[in-house]
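What follows is a short report on a single structure.
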Amino acid sequence: MDPTTPALLALEAGVSQKRVRDILRDLYGTLPADTTRWALDDLQAEEVRTRLAGINGAPGEWALEIGDTVRRRQLHRQYGGGQQGGISRSSRTSDIFIFTNPARGSRYGYDLHEGLQPDGSFAYTGEGQSGDQAFTRGNKALLNAADEGRTIRVFNAQPPYATYVGAFTTGDPLCSFHEIPGADGNRRRAIVFNLVPLDANPTLLAPDPGRVRLLKPQVARWDPPDASDINVILDATELPPGDRIVSRQEFQLQADFGMWLAARGTPPSRLRIPVAGAIIEPDMYVQDEGWVVEAKKSTGREYVRMAIGQVLDYTHNARTFDDQVVPMILLPGRPEADLRELTANLGITVASRDGDGFELVLP
């Protein structure tokens with residue numbers, strides 16, 4: 001028998017847990033200092049249910065909080081929606097429920113691309129166990145979720161239980177296509193949605209066992225990127241507007257800079273850093289100089305601002321193992337004067353293409 005918790009009582013009544021906790025404090029005071037969660041006996045639970053009886057049971061409030069674990073059937077009893085499959089639309093609210101369990105879905109190829117990404121987003125494989133996946137049913141609901149104002153609520157499913165990870169929306173690009181095996185063993189096209197958190201704890205997502213083993217940063221051989229690394233989204237007319245194809249210019253910039261570094265005796269490496277259940281990796285790491293490098297294909301303001309944010313994040317986390325690392329952004333030319341002043345103030349070195357070589361501007 002599962003213990004009765006505020007999450008379960010809130011779910012039964014269709015109210016927020018704050019209302020339940022207010023009743024609990026009124027009845028029983030505050031929790032002991034060494035206790036973090038309520039676990040109610042039968043008499044306590046019935047007393048709270050009696051207090052909640054006068055509240056309309058329609059689910060006008062979201063009942064679960066991040067980290068709550070409930071039985072999936074309890075969730076659907078309150079909010080409606082199908083109890084089978086990975087995507088379920090609530091029949092009583094504007095929510096879409098996503099249930100992820102890549103290990104269980106491995107025979108359908110769901111484990112190949114699904115999971116927490118280095119940028120904090122969550123890659124989720126659409127529904128459809130055989131044949132090419134299409135924008136129908138649950139996949140169509142996810143495609144239109146942002147336009148229709150629907151909240152995507154993600155759960156880590158360990159049947160019969162589901163742990164609430166949090167609220168997400170679709171990112172940009174909204175999705176990509178990949179080849180995966182189907183239940184019949186044949187290769188097929190899968191839709192992999194790009195979900196970004198609104199209010200969530202992505203570390204609650206089922207981790208990739210290979211990533212769990214990476215307990216400390218790893219330095220490895222760096223190879224220049226090439227066109228085969230680019231994921232081109234096909235049938236772009238099916239998708240909303242946005243950046244559809246990764247530019248090769250940025251990859252060429254990295255390759256040329258890598259050759260320049262090697263020629264001066266400071267070859268680049270890869271640096272993989274474990275952070276909050278994911279692995280983040282800058283474009284390159286120059287170990288001899290301590291440079292953590294983020295490259296961008298343009299000197300445009302938005303590109304430089306994005307590079308600044310990313311490289312500072314990489315450097316902050318890299319300093320957990322080497323407090324001498326230095327942030328660097330790599331650009332195809334010199335940025336505007338005010339951006340050069342900004343990078344200098346932030347302690348960021350700027351590397352920019354200069355003829356056949358590169359110019360380094362130290363902070």
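Read the figures in this text as sums done on the coordinates, not as results from a lab. Note that this is a predicted model, so its numbers are computed, not measured. Counting neighbours? That spans all protein chains shown, and the Cβs are built from the backbone with ideal geometry, glycine included.
Values as computed for the structure displayed
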read-out	value
Potential extension, Glu359-Asp288 segment - 0.36 nm per residue separation minus Cα distance	23.8 nm
Nearest-0.05 FRET efficiency for Arg187 and Asp223, computed from C-beta distance (R0 25 Å)	0.40
Residue order, fewest to most beta carbons within 10 Å, for Met306, Met284, Met328, Met259	Met259, Met306, Met284, Met328
Förster-model FRET efficiency, 35 Å R0, Asn144 and Asp338, C-beta, rounded to 0.05	0.30
Estimated 222 nm signal from helices in the chain, with DSSP H stretches of n ≥ 4 weighted -39500 (n - 2.57), rounded to 500	-7500 deg cm²/dmol
Segment 305-363: chymotrypsin sites (Phe, Trp or Tyr not before Pro) in DSSP loop, at most 15 other beta carbons within 10 Å	Phe321
Centroid-to-centroid separation of segment 68-104 and segment 134-176 [C-alpha atoms, Å]	11 Å
Least to most buried among Thr100, Thr169, Thr50 (fewest other Cβ within 10 Å first)	Thr50, Thr169, Thr100
Matching label, log10 I(q)/I(0) by the Debye sum over Cα atoms at q = 0.07 Å⁻¹ computed from the structure shown, candidates [x] -0.34; [y] -0.27; [z] -0.41	[z]
Estimated FRET transfer efficiency (Gln324, Thr169; beta-carbon r; R0 35 Å; 0.05)	0.35
